[in-house]
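The values are calculated or read from the model by the stated rules, or taken from the named source; none is laboratory data. Please read all numbers here as calculations on a predicted model, not as lab measurements. Positions of Cβ are generated from backbone atoms using ideal geometry, with glycine treated the same way; all protein chains shown enter the neighbour counts.
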Amino acid sequence: MSVRILALVGSLRAGSHNRQLAEAAVKLAPEGAEVELFEGLADVPFYNEDIDVEGDVPAAAVKLREAAQGADAFLLFSPEYNGTIPAVLKNAIDWLSRPYGAGAFGGKPVAVIGTAFGQYGGVWAQDEARKSVGVAGGKVIEDIKLSIPGSLTRFAETHPIDDTEVAAQLTEVVARLHGTVGENAAA
């Protein structure tokens, strides 16, 4: 069984270290797993129930929902903005939580990881993302965590995939998330 993991990155910056982590996850996915990096979160309008009307949902939100519906699991990459979750990631969670009771997360496994400049690697934002996605219907895998501190210095001249320690940790995260999909299906 091939497992499709949808990666959502909470930073829009071209040189984002969280985006680089997601790119590394794509390359490090174990056999039988495919990590798809979703492109287009910048195009998704802020969630507004007035524009979430069947047959008239904005194209970027439809694209996000379709990608999420086809996913078996989710891997969210969150930097920390002012001690909390970035708006672009929260907005994606909001769109995927609807329609109420039938959102795209629908009990699927979700892991939240990331990197940030601070000494804790963005744990506050990642905890907020876990809370939000759990409320939105995702099955948050609480024991899959990776918070990498000091991103600006650690990855100043090194892509995360070339950092042996980070590559090993990221490989383990993706493998464990992949494994939860089988457990989820058997339950």
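A count restricted to region 5-29 and to residues that are exposed (fewer than 15 other Cβ atoms within 10 Å of the Cβ) and more than 17 Å from Ile85 (Cα to Cα) stands at 3.
Here is a check on your reading of the model: is Phe105 among the hydrophobic types (A, V, I, L, M, F, W, C), over 18 Å from the mean Cα position of the chain (by Cα) and not in a helix (DSSP H, G or I)?
On the way: among the hydrophobic types (A, V, I, L, M, F, W, C): yes; over 18 Å from the mean Cα position of the chain (by Cα): no; not in a helix (DSSP H, G or I): yes.
So Phe105 fails the test.
Of the residues making up region 34-47, those that are part of a loop (DSSP other than H, G, I, E, B) and either among the β-branched types (Val, Ile, Thr) or surrounded by 12 or more Cβ atoms within 10 Å (Cβ to Cβ) (or both) are Phe38, Gly40, Val44, Pro45, Tyr47.
Put simply, of Gly118, Gly103 the only residue that is within 23 Å of Ile5 (Cα to Cα) and surrounded by 12 or more Cβ atoms within 10 Å (Cβ to Cβ) is Gly103. Considering only residues in region 57-84 that are assigned to a loop (DSSP other than H, G, I, E, B) and either touching a Gly at 6+ places or on another chain (Cβ under 8 Å) or modelled with pLDDT under 95 (or both), the one that is surrounded by the most Cβ atoms within 10 Å (Cβ to Cβ) turns out to be Ser78. Contact annotation: residue pairs with Cβ atoms under 7 Å, 6 or more positions apart or on different chains, pairing a residue in region 33-46 that is under 16 Å from Val62 (Cβ atoms) with a partner that is of a type in the set (S, T, N, Q) and assigned to a helix (DSSP H, G or I), are Val44/Asn91; Phe46/Asn91.
Tallying residues that are assigned to a loop (DSSP other than H, G, I, E, B) and in contact (Cβ under 8 Å) with a residue 24 or more places away in the chain within region 1-32 yields 9.
Residue by residue, here is whether (1) modelled with pLDDT of 95 or more; (2) under 15 Å from the mean Cα position of the chain (by Cα) holds:
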site	(1), (2)
Gly118	no, no
Gly122	yes, yes
Arg130	yes, yes
Val133	yes, yes
Lys139	yes, yes
Glu142	yes, yes
Gly150	no, no
Asp163	yes, no
Gln169	yes, no
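Inspect region 66-82 for any residue being touching a residue at least 12 places away in the same chain (Cβ under 8 Å) and farther than 30 Å from Glu183 by Cα and give the result as yes or no. Yes, because at least one residue in region 66-82 is touching a residue at least 12 places away in the same chain (Cβ under 8 Å) and farther than 30 Å from Glu183 by Cα.
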